[in-house]
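Throughout, read-outs are computed from the coordinates displayed, never taken from laboratory work. Owing to the predicted nature of the structure, the values given are computational and were not obtained by experimental measurement. Note that we place each Cβ from the backbone using ideal geometry, even for glycine, and neighbour counts take in every protein chain shown.
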Ligand code: DX5
Ligand code: ZN
């Protein structure tokens, strides 16, 4: 079985010490870092944007997993691609033309992800599964770290898996801890995002190991 990809979310990191916080999760075994971009429209919170991704890119070789929680993502794909994102995940609910966004991301040679919010059924994403690299299943309402895992949402994982090409990455984001991680991986997820569980732990390495198996 392939290893679960752990993507620590810097939303729960200390923003004054981002370089140290990112290096610390890499030393603790993570290869990806999850960057939550929020616009105050698609979600009721504002976080970070293009300049921060650019600064992170200059300082790390980690795989930059960029989660865009923004309206009209097509307007900003080029900027995030040039800033150095490796994977750009947009929300299915945020655009009228998902196919165009997929093609746009691919035109910059970046990996493509699509995310669905808790109320969006798994069936809605099935038509896109063979065109993308990753599906991100939200197990909290996007906008904030530290919320409780919504068990019902995890039941979308097997539906997606049944319909997915073999190499699709199925990622879960929201309320991931040592217990909910096992639920997700046993249902078929192979990538987990975790913010508060990792950055709220004083030992990042054991937190990441707990999520990996
Ligand atoms: C929520 C973000 C998550 C968030 C997860 O909108 O997409 O990536 O950082 O935080 P935790 O792991 O604390 O639920
Ligand atoms: Zn996220």
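Quick notes
- Each residue in 58, 161 was given a count of other beta-carbon atoms within 10 angstrom of its own, and listing them fewest first yields 58, 161.
- Stokes-Einstein diffusion of region 50-134 at 10 °C, 1.306 mPa s viscosity, Kirkwood radius from Cα pairs, rounded to a whole number: 121 µm²/s.
- Förster-model FRET efficiency, 41 Å R0, residue 46 and residue 2, C-beta, rounded to 0.05: 0.70
- Taking other C-beta atoms within 10 angstrom as a stand-in for reagent exposure, 186, 85 fall in the order 186, 85, fewest first.
- Note on 144, 42: ascending count of other Cβ atoms within 10 Å places them as 144, 42, the fewest first.
- Share, in percent, of DSSP beta bridges within the chain that are antiparallel, nearest 5: 5
- In plain terms, the chain from residue 123 to residue 141 could stretch by 4.6 nm, reckoned as 0.36 nm per residue minus the Cα-Cα distance.
- Alpha-carbon Debye profile of the chain, log10 I(q)/I(0) at 0.08, 0.11, 0.19 Å⁻¹: -0.23, -0.45, -1.54
- Here residue 58 and residue 106 are evaluated by their C-beta separation; at R0 = 22 Å the FRET efficiency comes out at 0.35.
- Computed over region 100-201, the range of Cα coordinates on each principal axis works out to 38, 27, 23 Å, biggest value leading.
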